[in-house]
Structures are given as C-alpha cells and as structure tokens.
Amino acid sequence: MNEGALKYKIKRRIIEKQEELIKLLEKKGLHLIVSPTDTGKTYSFMNRINGIFRLLSKLYPNRNFIMACPNKIQNEQNNKSYGVYALVGGVTVDITQEITSMVYEKAEEVLKEYFDCNKEFTLVIDEGHQLMYAENYRKEGIEALERLSRISFNTIHMTATPRT
C-alpha cells in the first residue's frame, strides 16, 4: 500500500513541522509519515484550535478530512478529545462533516458515499503499519481502505513503527 509513496521522517514533535505538512496536504498523492511514538501525530492533525485539519478545512471548504484508525477506542477518543465526528459501529457516514475519525472497517461505507459525490477528501491512515500485517480479520476493511485511498485527493499513512 505504501509503494510509490513519498516518505517523510519526523523525529521530533509533529506540530513543529505543521507548515510543511500543510503544504504536503495541498498536493495530490500518497505519502508516508514516520515519527516515533508520543510525537503528537494525531494531536497535530486533529487539535480543536490549530490542528492541520482545522486550518485546511478553512482553506478548502469543499474538501473533507478523514482520519482512519484501527479501533473504536481511538476513534471515540478522537471524538471526545478533538470534537470530531466519530464514525464507529452503528453511526452512518455524514459527508457534511468537515473532519471525521473512522474505524478501518467503515471504509466501504465511506467509499460508497464519496464515490459519486462532488467532494474531495484527504485520508490519513493512522497506525498505517497495521495494514501490512493484518491478514485476516481486517482483510475486507483494508481492501476498502485501499480503494478509498485511490479516489482520495491525497492519502497519508502515519506510523511510529514502520517495517520493511
């Protein structure tokens, strides 16, 4: 899934690279961000006040920003901590939401909603390394994420633990 991606290694706080990341998200393509644990990856994108998604949603009102996380707990935490729409369990896709946090398994539903609509979206896949190693129980969700990635304006895989 990361084949052909532009790779960025950030060893310190992600927020310190905010300007570069905003420029990155203004461009189409596939990107991989590698940064150690506890460098504020999710915080830098989702922060309520000056998170990257918040800033870009003002610049690009016709684009939505979606953070895909592997589990329900992370998504519910994103909802509580950052005030974003959490697409988990029985919740349905809402393309009017500027910023969404979703579980991997919701990718098929998101794909159906965005496929024929007139909105662009940026997809950030948190814990991106899990996509390479989750062989069975998430297989359908991962395949849907790959298809979703192909129709997105741009996709960023974000990980602290890359493996070759």
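The values are calculated or read from the model by the stated rules, or taken from the named source; none is laboratory data. Computed from a prediction, not measured in an experiment: that's the story for all the values here. So basically every Cβ, Gly included, is an ideal-geometry build from the backbone, and we count neighbours across all protein chains shown. Note: areas computed on protein heavy atoms with side chains; ligands, DNA, RNA excluded. Shrake-Rupley method; radii C 1.70, N 1.55, O 1.52, S 1.80 Å.
Within segment 6-56, can you find the residues that are among the hydroxyl-bearing types (Ser, Thr, Tyr), touching a strand residue (DSSP E or B) at 6+ places or on another chain (Cβ under 7 Å) and surrounded by fewer than 18 Cβ atoms within 10 Å (Cβ to Cβ)?
Listed by number, the list holds a single entry, TYR8.
Considering segment 72-85 alone, what residues qualify as being within 14 Å of the chain's Cα centre (by Cα) and farther than 18 Å from GLY40 by Cα?
Once the filter is applied, which keeps residues that are within 14 Å of the chain's Cα centre (by Cα) and farther than 18 Å from GLY40 by Cα, segment 72-85 yields only TYR85.
Could we say that THR122 is of a type in the set (Ser, Thr, Tyr) and either surrounded by fewer than 19 Cβ atoms within 10 Å (Cβ to Cβ) or in a loop (DSSP other than H, G, I, E, B) (or both) here?
Details: of a type in the set (Ser, Thr, Tyr): yes; either surrounded by fewer than 19 Cβ atoms within 10 Å (Cβ to Cβ) or in a loop (DSSP other than H, G, I, E, B) (or both): no.
In short, no.
Every residue, every condition in (1) among the small types (Gly, Ala, Ser); (2) part of a helix (DSSP H, G or I), yes or no:
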residue: ARG48; (1), (2): no, no
residue: MET67; (1), (2): no, no
residue: ASN75; (1), (2): no, yes
residue: GLY90; (1), (2): yes, no
residue: VAL93; (1), (2): no, no
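Of the residues PRO36, PRO61, which single one is in a loop (DSSP other than H, G, I, E, B) and touching a residue at least 60 places away in the same chain (Cβ under 8 Å)?
On the way: PRO61 fails: touching a residue at least 60 places away in the same chain (Cβ under 8 Å).
Result: PRO36 is the single residue among PRO36, PRO61 that is in a loop (DSSP other than H, G, I, E, B) and touching a residue at least 60 places away in the same chain (Cβ under 8 Å).
Residues of segment 86-128 being on the phi > 0 side of the Ramachandran plot and under 15 Å from the mean Cα position of the chain (by Cα), which ones? Even if it seems obvious, please write down each step before you answer.
Just the residues of segment 86-128 that are on the phi > 0 side of the Ramachandran plot, to begin with: 89, 127.
The one that is on the phi > 0 side of the Ramachandran plot and under 15 Å from the mean Cα position of the chain (by Cα): GLU127.
Sort out which residues of segment 88-110 are under 24 Å from LEU59 (Cα atoms) and open to solvent by less than 20 Å² (accessible area, probe 1.4 Å), and write them in order of number.
Initially, segment 88-110 is screened for residues under 24 Å from LEU59 (Cα atoms), giving 93-102, 110.
Within segment 88-110, ILE99, THR100, SER101, MET102, VAL110 qualify.
Contact list please: Cβ distance under 8 Å, first residue in segment 108-121 and touching a residue at least 12 places away in the same chain (Cβ under 8 Å), second residue charged (D, E, K, R) and assigned to a helix (DSSP H, G or I), pairs at least six apart or on different chains.
Between residues of segment 108-121 that are touching a residue at least 12 places away in the same chain (Cβ under 8 Å) and residues that are charged (D, E, K, R) and assigned to a helix (DSSP H, G or I), the close pairs are GLU108/GLU140; LEU111/ARG147.
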